[in-house]
Amino acid sequence: GDIDGQGANSKFSSPTGITYDGINTLYVVDNGNNKIRKVTLSGTVSTQLVNNETFNNLYGVAISHNNKILFVSDIGTNKIFGIDLETNSAVSILNDNSAEWVDGNKSNARINHPKSLFYDKDLKKMYISDTDNNLIRIISF
């Protein structure tokens, strides 16, 4: 399903990732609909619109230390996106869609099927499961 709404009236299709901002909002990757969904603690589900990006196969999600950037992994493009929650604009954090393993800074590192994400708010580091390279990758912010 693909329905925004309250509680049981909302529908998802293959949710694969979930994160909590620590205040009032859950963010869910709705993989089957290729969307990011926002769920308030009162149970209201809405689609988190992203202005400038088309996603291919979203999977994981994490939120930054200041709750301003939502990170999502796209296994269809081998990218990690950062979504500014104030402007709803997406920027590539790891931005090359080649499926390979290259260490380096954010502008030249390469990953292959990034799935799960975890953001350590104290250390300001994101951990990425680089699935097809059988690695755990770390990005510092």
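The values are calculated or read from the model by the stated rules, or taken from the named source; none is laboratory data. Quick caveat, the model's predicted, so the values are computed rather than measured. A quick note on method: Cβ atoms are made from the backbone with ideal geometry, for glycine too, and the neighbour counts reach across all protein chains shown. For the accessible areas, the whole protein counts, side chains as well, though only heavy atoms, and no ligand, DNA or RNA atoms are used. Shrake-Rupley method; radii C 1.70, N 1.55, O 1.52, S 1.80 Å.
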Under 16 Å Cα to Cα from Lys121, which lysines show up? Leave out anything in the same chain fewer than 8 places away.
Lys68
Tabulate in residue order the Karplus-calculated ³J(HN,Hα) for the stretch 54-71, using 6.51 cos²θ - 1.76 cosθ + 1.60 with θ = phi - 60°, rounded to whole Hz; enter x for Gly and Pro.
10, 8, 9, 7, 5, 9, x, 8, 8, 10, 6, 4, 9, 6, 9, 10, 9, 9
When you have a sec, figure out the Kirkwood radius of the stretch 33-72 from all distinct Cα pair distances and drop it here in Å to one decimal?
11.5 Å
Qualifying trypsin sites (Lys or Arg not before Pro) in the stretch 27-95, DSSP loop, other Cβ atoms within 10 Å at most 14:
Lys68
Using the crude model of +1 on Lys and Arg Cβ and -1 on Asp and Glu Cβ, and no other charge, please compute the dipole size for the chain relative to its Cα centre, in debye to 20.
180 debye
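Gain in length, Thr54 to Phe118, computed as 0.36 nm per residue apart minus the alpha-carbon separation, to one decimal in nm?
Result: 20.8 nm gained on full extension.
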Just the number, please: Stokes-Einstein D of the chain in µm²/s, Kirkwood Rh from C-alpha pairs, 37 °C, 0.692 mPa s.
218 µm²/s
Heavy-atom accessible area of the chain with neighbours in place, 1.4 angstrom probe: carbon+sulfur share in percent works out to 48 percent
Suppose the chain between Ser92 and Phe141 were pulled fully straight at 0.36 nm per residue; how much longer would it get relative to their current alpha carbon spacing?
16.3 nm
Percent of Cα-Cα pairs per 10 Å bin, from 0 to the last occupied bin, for the stretch 1-66, please list those.
23, 56, 21, 0
The set of residues whose placed amide H lies less than 5 Å from the amide H of Lys35, leaving out same-chain residues fewer than 5 positions away, is Asp30
So what J values fall out for the stretch 38-46 if you push phi through Karplus, 6.51 cos²θ - 1.76 cosθ + 1.60 with θ = phi - 60°, rounded to Hz, Gly and Pro as x?
10, 10, 7, 5, 7, x, 7, 10, 9
Once amide H atoms are placed 1.01 Å from N in the peptide plane, what residues at a sequence separation of 5 or more from Asn78, or on another chain, have their amide H within under 5 Å of its amide H?
His113
